[in-house]
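Asker: Let me begin by handing over the structure; questions about it come next.
The values are calculated or read from the model by the stated rules, or taken from the named source; none is laboratory data. Computed from a predicted structure; not experimentally measured. Cβ: placed from backbone, ideal geometry, glycine included. Neighbour counts: every protein chain shown. Side chains are part of the model used for accessible areas, which takes the heavy atoms of the whole protein and leaves out ligands, DNA and RNA. Shrake-Rupley method; radii C 1.70, N 1.55, O 1.52, S 1.80 Å.
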Amino acid sequence: DPFQSVIILQIIAIMKLNKLTLLGYIMSSEAALGFSSFNLKESTERRHIAMTPNSKQMDLSGDDEITKNEKSRRRFFNDIISGMVGGGALNMLTSAPKPAEAACLSGDDRPECIGVYKVPIDDRIESMIDTPEHLATFAPDLKWVPITPYPPSPQHAKEDLVTMEDRLQNIIALVQKGDLNNAGTEILSIVPRITVDGRMLVSHLEKNDETSMRALRSENAHQDLLSSLGSSDIVLGQALAGRLGSITVAQIQILEELKQAKISMQELLLAIPDNL
């Protein structure tokens, strides 16, 4: 898709610019994300309407290629742009420029990475960030960390998600105690794993017509989960920077996002069949 290729090239260029230059691109990208999400929602509703009481699968006749493109674009925008939004757009809008991490790779769980832009896990840019040498060529200011590997099987992915659910509950406990720094680094640690686990499971379910509806349900829950965790990351970054005032105010906002993340995690696990 030439459109996606252009965006990727722009991202590479953005990495070489200063933080404030990034803001203008984020604003236009957010608008594109909204347009893309609207089109996907409309198409998804059409596919739901195509279901009949006696049918066992969706009627996608004549729409297979469009569906694939929509799914690809949805995942692309959610990965690339949500990383920008979840990683620092609000921070740039609400604070004066100061020395700080402008961006981090996904999987970098240093406290400095809380609330800043995360370079997403994406096969299309993997060759640019897979080694310290490659990263230094395209984004020399970023700290290199290994790319989060995909689980060896769908069953392993589900088991790992169960572990991530336990860690999510621990993050909630940390926020309740006021330990926002450790809560933030824990979110940085679990998000990449939840990302690859969910992708593998959705891809596995999409291969079978009998689980196509479970695939759609899982994908929606997965995206909602990542969105809530991204929002939590933003608020934690603001709280640690002292921009939310009282810690109680910060705790309330963060716990609300984590509550939604927990609901989405439960929905994701329920959508995945026991026998994979």
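Asker: Sticking with the crude label model, points 7 Å out along Cα→Cβ, report the distance from Thr163 to Trp144 in nm, one decimal please.
Answerer: Modelled inter-label distance: 2.6 nm.
Asker: Can you tell me the FRET efficiency between Lys259 and Asn208 if r is taken as the Cβ-Cβ distance and R0 is 35 Å, rounded to the nearest 0.05? Each step should come with its number before you reach the end.
Answerer: Working: r = 33 Å, r/R0 = 0.93.
Calculated transfer efficiency: 0.60.
Asker: Order the following by accessible area, largest value first: His204, His222, His156. Probe radius 1.4 Å; ligands, DNA and RNA are ignored. Write down the numbers at each step before the final one.
Answerer: Working: His204 60, His222 10, His156 100 Å².
These residues rank, largest area first, as His156, His204, His222.
Asker: In addition: For the peptides 140-146, 179-185, what is the packing order when you average, over each peptide's residues, the other Cβ atoms within 10 Å and list the highest mean first?
Answerer: Numbers: 140-146: 14.3, 179-185: 19.0.
For the peptides 140-146, 179-185, the packing ranking is 179-185, 140-146.
Asker: Just the number: Rg to Rh for the stretch 124-276, Cα atoms, Kirkwood Rh, two decimals. Walk me through the numbers before you get to the answer.
Answerer: Numbers: Rg = 17.1 Å, Rh = 16.7 Å.
Using only Cα positions, Rg/Rh for the stretch 124-276 is 1.02.
Asker: Probe radius 1.4 Å, ligands and nucleic acids left out: which of Leu244, Leu188 has the largest accessible area, and how do the rest follow? Don't skip to the end; give the middle numbers.
Answerer: Working: Leu244 40, Leu188 10 Å².
Largest accessible area first, the residues go Leu244, Leu188.
Asker: Could I ask something else about it? Hey, which of these cross-link pairs are over 28 Å Cα-Cα: Lys118/Lys207; Lys158/Lys259; Lys143/Lys259; Lys207/Lys259; Lys143/Lys262?
Answerer: Details: Lys118/Lys207 30 Å; Lys158/Lys259 21 Å; Lys143/Lys259 31 Å; Lys207/Lys259 31 Å; Lys143/Lys262 30 Å.
Over 28 Å apart, Cα to Cα: Lys118/Lys207; Lys143/Lys259; Lys207/Lys259; Lys143/Lys262.
Asker: Further, regarding this structure: Quick one: check the C-alpha center-to-center distance for the stretch 242-265 versus the stretch 120-190, whole angstrom.
Answerer: 20 Å
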